[in-house]
Amino acid sequence: MGERPPSLEERIEEMGRQLELLARRVETLEGHTVDRPPEEAATPLPAAIAAPAPPEEYPLGEPADISEEVIGWASRASLLQRVATLCFLLVIALILRTITDNGLIGTLVGSAIGMGYATILMLAGWYQYRRGSPLAPVFAACGAVLMALIVVETHTRFLSLPLVPAYLTLMATGIGMAAISYQFTVFLPVSVGTLGMCLAGAAIDYPNPFFPYLAMVLFTANLLGFYAAGIRRCSWLRWIVLVVTLVMLQLWGTRVGLSLAGRLPSTSGLAIPTFLPLLAVFALMYPAVALMGIVRSGAARVTRFDFSLPTVNAFWAYLLARYAVRALEGSITLLGGAGVALAVAHGAAGLWLVKGRRVQGAHGTNSFLFAASVLLALALPDAVGSPLVALPLLAASAVGLAFLSERWESGGVRLTSYLLQLYATGVLAVTCVTSKPGDVPVAAAAVALLLGAASLAHYRWCRTHEPPVESQVFGRLDRNDLGAAVLLMGSLVSGFFMLRILDFQLLPALGGDPVTVFRCSQSIIINLAAIGLIITASVLRHRELRNVAILVLLVGGVKVFLYDFIGTKGVPLVLSVLSFGLAAALQSIILGRWQAAAKRESPDG
């Protein structure tokens, strides 16, 4: 028999004991906190008060087991209910698949039944979302995944579903799932539908799909991905769709080039005449999507996807188009002109973002200006027919971006101007180093002079105009704008190559072994530059110029002792070592006086 329940008197007595225990605990706590000496304050509480007996349901004095929390979470999330529903839905799909595989019904009939079943599941998911049921995601996701799998298998394995209906079915599935997400503001349907449409479209007839139809599916997937970005937790979807799109279009372009070169057989699936027009559609669609995403973000921080998309698109699309145009034996000059026009359009979009939105710091503007700089750097040499001729124009564009950065208070645009100027100098250096000295035209010296002047003017402007403190780059990573020193280094590099080109032209007048004289004369140029820099720095008391002079001296030392000593001899080598010794001695004297003057001017001096 069960125990007798406590009477009212017993309950009152138990309550009294609990109140007495509580009163003793309060009294003890007050005694430990009010005017007690340290030794008394450290006195532990009585065992009966400090550690009351654990409740009967936890005889070991432990809290509820973690499994209780897991069970509670699973109950709130309807996890087991969803898993069970998913299993039942899959069982029905497997039964239909088994019946079809055993030949009890025809393949076409079985595929139609399976696609109808997937459609019913998606409609059931819409109805469940309308009712607010926790099972709605299960029905919707299961229906979309089954539809993608059935379409791929029916077309690829059973060959009973034509190509056009297969792609249209995938597109209809993705659009239907996006409609469900739009109506109920949920992320799962559009994510599963778009991802299934994109991956299933790429899997159909891989690696030899009919690329124009596949491009239509990928175009729709990118538009749905843009919509999905407005829903929380869906930003990853756009990256996956973008990667799949770039890979498939890159595969298409590569196959077009190999087919025209005779390395691959030409097939109808390549549809060579449609490649460049469809590539242009994607190249225009991506900047438009990024522009709408930046506008949609308002004054908030621009997403990484919207910020990176214009640059990724510009770099990828132009290089792929150049490859295809060369394979098709088209006009590279015309392609370069189109690239320059598209770069100007990107710059106009950036300008509109500044004037149309009027957001402090011009958030998102640098996304398009950086893409415009990349396009200009790639397309301008093709448009003018010579990389060297394009370099002064790129340098002038970099200076113009610097002026705009101050007007718009944009640190990102300022950093873009640095990178564009550095790129122009780098192209000059690579061209001069990788070419034989005799193959570099004398006109390249004038180009180097213009680049050096532009870099120096750019550097002087930066030292008289501070970057915006609100910028993430200059406000956090480079508060002193040390990055502008690369502009000074670029000016010195351009000046060096200008003198190097002129030096090669004077070799016949210098006499001796041309190789030895040319090699050592370059070291002399570097060491003389170190001397000129340290003298200028001493006169102007310019610390940054002093540090650059030391760096140039180190470069000269490496050039003399690790390069000239190995392959040269005679008078040119003597002059090379002598020039370095003079530069080192002069810098030692000036730096010693600099330190002495600094000690005298310091408060502790």
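The values are calculated or read from the model by the stated rules, or taken from the named source; none is laboratory data. Computed from a predicted structure; not experimentally measured. Note that each Cβ is placed from the backbone with ideal geometry, even for glycine, and that neighbours are counted across all protein chains shown. When the accessible area is computed, the model is the full protein with side chains, heavy atoms only, and any ligands, DNA or RNA have been set aside. Shrake-Rupley method; radii C 1.70, N 1.55, O 1.52, S 1.80 Å.
Here the relative contact order of segment 419-487, from alpha carbon pairs under 8 Å that lie six or more residues apart, stands at 34 percent.
If exposed GluC sites (Glu not before Pro) are those in a DSSP loop with at most 12 other Cβ within 10 Å, what is the longest stretch of the chain that has none?
Details: sites that count: 3, 56, 57, 329, 470.
That would be 58-328.
Is the C-alpha gyration tensor of segment 85-224 telling us rounded, prolate or oblate? Criteria: a/c under 1.5 is rounded; beyond that, a/b larger than b/c is prolate, otherwise oblate. Judged from the Cα gyration tensor, segment 85-224 comes out oblate (a/c at least 1.5, b/c at or above a/b).
Using the Cβ-Cβ distance between residue 446 and residue 540 with R0 set to 22 Å, the FRET efficiency from 1/(1 + (r/R0)^6) comes to roughly 0.20.
The angle between the Cα long axis of helix 543-559 and the longest principal axis of the Cα atoms of the chain comes to about 70 degrees, rounded to the nearest 10.
Given axes a ≥ b ≥ c from the Cα gyration tensor, I'd like to know whether segment 319-411 is rounded (a/c under 1.5), prolate (a/b larger than b/c) or oblate. In terms of gyration-tensor shape, prolate.
Between residue 341 and residue 464, what is the FRET efficiency for a Förster distance of 45 Å, r being their Cβ-Cβ separation, to the nearest 0.05? Walk me through the numbers on the way to the answer.
Numbers: r = 34 Å, r/R0 = 0.76.
Rounded to the nearest 0.05, the efficiency is 0.85.
To put it simply, the accessible area of the chain at a 1.4 Å probe is 67 percent carbon and sulfur. Counted by Cβ distance under 15 Å from residue 315, the other residues give a net charge of 0, where Lys and Arg count +1 and Asp and Glu count -1.
Scalar couplings 3J(HN,Hα) for segment 575-585, obtained by applying the Karplus form with A = 6.51, B = -1.76, C = 1.60 to θ = phi - 60°, are 5, 5, 5, 4, 5, 5, x, 4, 5, 5, 5 Hz; x denotes Gly and Pro. Using C-alpha pairs under 8 Å with a sequence gap of at least 6, the mean separation divided by the residue count of the chain gives a relative contact order of 6 percent.
Candidate cross-link partners of residue 559 among the lysines, defined by an alpha-carbon separation under 24 Å and a same-chain spacing of 8 or more, comprise 436, 569.
Placing pseudo-labels 7 Å out from each Cα toward the beta carbon at residue 558 and residue 91 gives an inter-label distance of 7.2 nm. Selection among 80, 287, 471 by position relative to the dipole of the chain gives 287 as farthest towards the positive end (Cβ unit charges, Cα centre). Around the Cα centre of the chain, unit charges on the Cβ atoms of Lys, Arg, Asp and Glu (plus for the first two, minus for the last two) sum to a dipole of about 2660 debye. Using the 1.4 Å probe convention, the accessible area of the chain works out to 54 Å² per residue with neighbouring protein chains retained. Of the trypsin sites (Lys or Arg not before Pro) found in segment 520-605, those that fall in a DSSP loop while having at most 15 other beta-carbon atoms within 10 Å are 541, 569. In this rough spin-label picture, where each label sits 7 Å from Cα along the Cβ direction, the residue 575-residue 351 distance is 5.1 nm.
Can you tell me how segment 76-124 classifies by the Cα gyration tensor, rounded, prolate or oblate, using a/c under 1.5 as the rounded cut? The shape class here is oblate.
Simple point charges give the picture: +1 on the Cβ of Lys and Arg, -1 on the Cβ of Asp and Glu, and for segment 238-394 a dipole about the Cα centre of about 440 debye. Pairs of Cα atoms nearer than 8 Å and 6+ residues apart set the relative contact order; for segment 360-467 it is 31 percent. When volume of the Cα convex hull per residue in Å³ is calculated for this entry, the matching label among (i) 338; (ii) 286; (iii) 184 is (i).
In loop segments of segment 211-317 as defined by DSSP, the trypsin sites (Lys or Arg not before Pro) with at most 12 further C-beta atoms inside 10 Å of their C-beta are 232, 233, 263, 301. Taking Cα atoms only, the orientation of helix 66-76 departs from the longest principal axis of the chain by about 90 degrees. Against the main long axis of the alpha-carbon atoms of the chain, helix 411-434 sits at an angle near 50°.
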